[in-house]
Amino acid sequence: MATVLVVTSGKGGVGKTTSTASLGAALAQQGQKVAVVDFDVGLRNLDLVLGAERRVVYDLINVVQGDARLSQALIRDKRLDSLFLLPASQTRDKEALTSEGVARVMAELRDMFDWVICDSPAGIEKGATLAMRHADMAVIVTNPEVSSVRDSDRIIGLLDAKTERAERGEPVVKHLLLTRYDAARARRGEMLTTEDVLEILSIPLIGIIPESQEVLRASNLGTPVTLSAPMSAPARAYIDAAHRLRGETLPMTIPTDKRGFFGGIFARRVA
Amino acid sequence: MNVFNMFQKRSSAPVARERLQILLAHERAARGAPDLLALLREEIIAVVTRHVPVGHENVNVTTHRNGDVSTLEINIDIPNSVKARVIVNA
């Protein structure tokens with residue numbers, strides 16, 4: 001029986017899809033059977049970030065509407081045997097997602113996997129509320145920046161009100177994933193610190209993903225960063241976060257990339 | 001711009017933190033408010049109807065926010081005929 005995890009944020013562009021792909025891959029690398037589900041109907045991108053864009057035949061809406069079986073729509077990752085993608089539809093609009101249909105698909109996925117990770121679209125409309133509807137657990141992706149923190153607060157409110165679990169009176173387990181974090185800028189008082197964000201949102205921290213060039217490189221290649229550069233700072237942060245999702249206790253660190261003296265100088269000058 | 005200003009400009013994170021804390025306190029209160037008002041309204045009706053028969057449409061509960069203070073306004077319309085009867089009974 002799977003744990004259903006929604007990766008959500010309210011605000012767009014904070015790293016939901018990257019985090020879904022990286023956490024999904026990290027859990028699969030740890031031997032878990034994982035399905036990642038793209039709920040961003042009309043603007044799908046999880047297929048692209050996972051490098052499966054040319055292998056999509058059927059999608060979530062085909063399965064919801066009964067035009068395809070789940071087994072026909074699931075795409076197995078070429079590199080990780082236990083990682084599967086259920087893509088969103090690129091041509092249909094999200095009105096085609098019925099709540100009964102989504103409930104049926106989620107129930108079927110629960111029986112097949114250890115983890116079902118739902119990549120939520122941005123916003124608080126139907127796509128986002130359907131993505132969180134059946135969640136047991138939520139990862140709220142937040143950048144240390146005012147608009148992202150505000151939107152995360154709004155999404156936390158929705159998770160406490162609009163999910164099946166909330167309606168049963170047992171809250172969704174919420175985790176904060178802080179992404180694009182720059183420890184040096186936070187130290188200089190130029191960026192909200194981890195402590196600031198935690199104090200404002202008051203939900204437990206699952207990981208801190210440092211700002212890194214490897215994240216863009218990974219999406220350029222269509223390979224989750226935990227596979228494309230497993231020793232890089234963001235990959236180690238995602239791998240640790242995946243262990244914590246499984247209930248393990250690890251010390252919270254902000255991994256850093258080793259950089260040579262000249263690399264450091266160069267990076268400062270460009271910034 | 002002098003050297004002091006340059007350093008001041010750097011520490012923008014505490015400003016962000018304070019703005020967020022104030023904003024979210026208001027937004028969370030606004031999210032909670034409809035439920036609180038509905039609860040107050042039900043309990044006020046229950047208390048009032050022990051003595052005077054009033055319907056849901058006669059009770060109006062609202063809040064107004066003015067600067068640092070919020071006011072809770074409760075309006076209960078009691079039909080004159082009813083009031084007369086209560087006074088006679090008392």
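Please state the shape class of segment A:40-115: rounded when a/c is under 1.5, otherwise prolate if a/b exceeds b/c and oblate if not, all from the C-alpha gyration tensor. It comes out oblate by the Cα gyration axes. Charge dipole (Cα centre; +1 on Lys/Arg Cβ, -1 on Asp/Glu Cβ; no other charges) of segment A:26-178 amounts to roughly 240 debye. Each part reduced to its alpha carbon centroid, segment A:1-56 and segment A:188-245 end up 15 Å apart. Taking a Cβ cut-off of under 11 Å around residue A:16, the surrounding Lys, Arg, Asp and Glu residues balance to a net charge of -2, with basic ones at +1 and acidic ones at -1.
Lys and Arg at +1, Asp and Glu at -1: add these up for the other residues within a Cβ distance under 14 Å of residue A:201 and post the number. Neighbourhood net charge equals -2. Of all DSSP bridge pairs formed entirely within the protein assembly as shown, close to 25 percent run antiparallel. Counting beta carbons within 10 Å around each of A:200, B:45, B:22 and listing the fewest first gives the order B:22, B:45, A:200. Legend: translational diffusion of the protein assembly as shown by Stokes-Einstein, Rh = Kirkwood radius over C-alpha pairs, 37 °C, 0.692 mPa s; D = 142 µm²/s. Per-residue ellipticity at 222 nm computed for the protein assembly as shown from its helices equals -14000 deg cm²/dmol, with DSSP H segments shorter than 4 residues left out and the rest contributing -39,500 (n - 2.57).
Shape analysis of segment A:1-52 places it in the prolate category; the axes a ≥ b ≥ c from the Cα gyration tensor give an a/c of at least 1.5, with a/b above b/c. Summing +1 for each Lys or Arg and -1 for each Asp or Glu among the other residues whose beta-carbon sits under 14 angstrom from that of residue A:94 gives -3.
Taking other C-beta atoms within 10 Å as the exposure proxy, A:27, A:130 rank A:130, A:27 from fewest upward. Each of B:80, A:109, A:21 was placed along the dipole of the protein assembly as shown (beta-carbon charges, centred on the mean Cα), and the one lying farthest toward the positive end is A:21. Rounded to the nearest 20, the Cβ-based charge dipole of the protein assembly as shown about its Cα centre (Lys and Arg +1, Asp and Glu -1) stands at 940 debye. For A:113, A:84, A:39, the sequence from fewest to most other C-beta atoms within 10 Å is A:113, A:84, A:39. The trypsin sites (Lys or Arg not before Pro) of segment A:27-67 that DSSP puts in a loop, and whose beta carbon has at most 11 other beta carbons within 10 Å, are A:54.
No value in this document is a laboratory result; all are computed from the given coordinates. Keep in mind that this is a model prediction, so the values were computed, not measured. Neighbour counts are summed over all protein chains in view; Cβ atoms, including those assigned to glycine, are modelled from backbone coordinates with ideal geometry.
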